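These notes concern the structure reproduced below.
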Amino acid sequence: MSSKRSRKDANISEGGSSSKRIQLEEDNKVSEDSFLSALNIFILPAGIQKARLTVLKTQVIRYGGRVQDMFDSTQNFSHIIVEDNIDIPRMKRILKLDSALEFTVVKSSWLSLCLRNKKLENCENYQLHEEKKVNLNSPKKEDNVINPYNKSRENASDPVNSSDYESSDENEQNNEKDMTSTLHLKSPQTEKWICAQSSKSPKPNMNKHITDKLEEMVKTYESTNDRWRALGYQKAIQTLRRHPKEISSWEEAKSLPSIGARLADKIWEIAQSGELRKLKEFESSEELQILKMFTNVWGAGPHTAQLWYQQGLRTIADLQQKAHLNHQQKVGVRLYDDFLDRMPREEAAEIEEVVKKAAEGIQPGIIAQTCGSYRRGQSTCGDVDILITHPDGKSHKNVFHKLLANLKESGFLTDDLVSAEETGNQKKYMGVCKLPGQNRKHRRIDVIVVPYNEYGCALVYFTGSAHFNRSLRHLCKKQNMSLNEHALKQGVVRKGSEKIHEGTVVPTPTEESVFKVLKIPYRPPEERDH
Ligand code: DCT
Ligand code: MG
């Protein structure tokens, strides 16, 4: 499987275009050229993905250059090519060189640039120079400037480790599967947690053409229950959104946090051609499209979707007529189109108003706060998440059933999905509402009633985003704490993923206090839209 993938990927990793057809045309056009004839190079394989290494070698030879397979210090190399994150000391360790360098050492991105532009580019800015032996451990300034996220030191492994020589598919897989790196971006100087950063970028997303396609990939992987891959793509999307400039090379993509060689291949393919073959493949797969559609039915996950597909069901109408649906799925199928449609935030505000009024009528002084995407300032909302509490610490208890009965009676709530889910002292209703008047759609609504002493943590949780929350929880773990919608606890003892000691609750009356205990700057909701 991996060799098949490598060969496929090889078509897109290098060269002027990632579309195979255009690639061939371009190659034919310039095949007479031998613009690399001055090259006699050795490529240090460390850190370079196998497929890419093969492409680099083949292309150099195709355009008149020579590539030596073995390193021999007596050879008259024009250049030694190294992966961008490798520094001279590491290269010398790998090649077992202990004398001063007599070669020109250049980053592999220079070679990519030459191949892309079909000419021998000046390598000055890509050249590595031997450092004066003042302090062997001091990081190279150049690395810090060029790549603020430089991962080389984190990734630097023992030079005798064979993984120095090749990045296997499995390594890549693990790289994509490394969940923890979703949650914080590491720079050489500091550890910056997602939850400590504002989601408001001073610049617009410069790579929207890429992130749009990757988002489609996430949806597909979610519908097939491949949540690790979905998460890997989500991480890459977050990183790309924050990247201040348009991706202009494979190496640039690869140098960013959470982006391994295989994701860099995909990103670079989109950057070059505007397309992603893998996504096209998915889009042309009838099965995947149907699974995606079925998992969009409220109450159906990837397993149910698969089951329906195996039963020969292909459309929403098929589900309505032939499938054995539970109550939630029946609602989900009936209101399929309405649920897929995100409502404008103004409509969410109207819905909040109806619930607020009804709650106030039942219990004066009650707080009803819409959380979720609405509170984070998004212009559209998938549903309305309303958090209810009372500052006196007890009156909230009277509200849940009365409020729902009232809203049902008025016809505002049209269907129940989960009538009452109790977790600890919190009660959650999940259902469907519809504002009065013509041409109104059915909208998903969650109402969560919480005691006032849990309000701070509940506000943080239900405001999200889910990604922001994951980052918070991970940060908690690092500090021997735990956080959920009920409480923040400290002194938690874990053995692996198991909690040996639950810890003790830290009072967090406000959202600000949660941030304070975690020692991160307070972020208003609109800055948590990660
Ligand atoms: N949440 C979470 N983890 C999840 C799902 C949700 O921490 N896996 C939290 C964060 C957001 C909040 O619950 C409400 O969830 P949703 O309504 O699903 O998300 P949303 O951000 O409001 O987005 P949407 O506009 O799609 O409703
Ligand atoms: Mg929501």
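Observations
- The residue that is nearest to residue 200 (Cα to Cα), among those in region 337-377 that are within 16 Å of ligand 2 (Cβ to nearest atom) and among the polar types (S, T, N, Q), is 373.
- Residue check, residue 380 within 27 Å of residue 296 (Cα to Cα), crowded, with 22+ Cβ neighbours inside 10 Å and either within 16 Å of ligand 2 (Cβ to nearest atom) or touching a residue at least 12 places away in the same chain (Cβ under 8 Å) (or both): no
- Qualifying positions in region 424-477 - in contact (Cβ under 8 Å) with a residue 40 or more places away in the chain, within 15 Å of ligand 1 (Cβ to nearest atom), among the hydrophobic types (A, V, I, L, M, F, W, C) and not in a helix (DSSP H, G or I): 432, 433, 445, 447, 448, 450
- Hits in region 483-530 (condition: assigned to a strand (DSSP E or B) and either in contact with a His (Cβ under 6 Å, 6 or more places away or on another chain) or touching a residue at least 12 places away in the same chain (Cβ under 8 Å) (or both)): 483, 488, 489, 490, 493, 494, 499, 504, 505, 506
- Only listed residue being modelled with pLDDT under 95, in contact with a strand residue (DSSP E or B) (Cβ under 8 Å, 6 or more places away or on another chain), more than 25 Å from residue 380 (Cα to Cα) and more than 16 Å from ligand 1 (Cβ to nearest atom), chosen from 495, 499: 499
- Odd one out for residue 69, checked against (1) out of contact with any Cys (no Cβ under 7 Å at 6 or more places or on another chain); (2) crowded, with 17+ Cβ neighbours inside 10 Å: (2)
- Here 393, 365, 382 are screened, and the one residue that is within 14 Å of ligand 1 (Cβ to nearest atom), modelled with pLDDT of 95 or more and not polar (S, T, N, Q) is 382.
- Region 353-373 residues that are among the charged types (D, E, K, R), paired with ones that are at pLDDT 95 or above and within 16 Å of ligand 2 (Cβ to nearest atom) (beta carbon under 7 Å, 6 or more apart): 356/368
- Residue list for region 253-279, filter: more than 17 Å from the chain's Cα centre (by Cα) and not hydrophobic (A, V, I, L, M, F, W, C): 269, 272, 273, 274, 275, 277, 278
- Number of residues in region 389-442 that are farther than 26 Å from residue 340 by Cα, among the β-branched types (Val, Ile, Thr) and more than 31 Å from the chain's Cα centre (by Cα) equals 2.
- Here 417, 407 are screened, and the one residue that is farther than 28 Å from residue 519 by Cα and away from ligand 1 (no atom under 16 Å from the Cβ) is 407.
- Of the candidates 459, 483, the single residue that is under 25 Å from residue 235 (Cβ atoms), among the aliphatic types (A, V, I, L, M) and touching a helix residue (DSSP H, G or I) at 6+ places or on another chain (Cβ under 6 Å) is 483.
- Subset of region 359-377 [surrounded by fewer than 21 Cβ atoms within 10 Å (Cβ to Cβ), in a helix (DSSP H, G or I) and in contact with a Leu (Cβ under 7 Å, 6 or more places away or on another chain)]: 362
The values are calculated or read from the model by the stated rules, or taken from the named source; none is laboratory data. Computed from a prediction, not measured in an experiment: that's the story for all the values here. Using ideal geometry, Cβ is built from the backbone for each residue, glycine included, and neighbour counts are taken over all protein chains shown.
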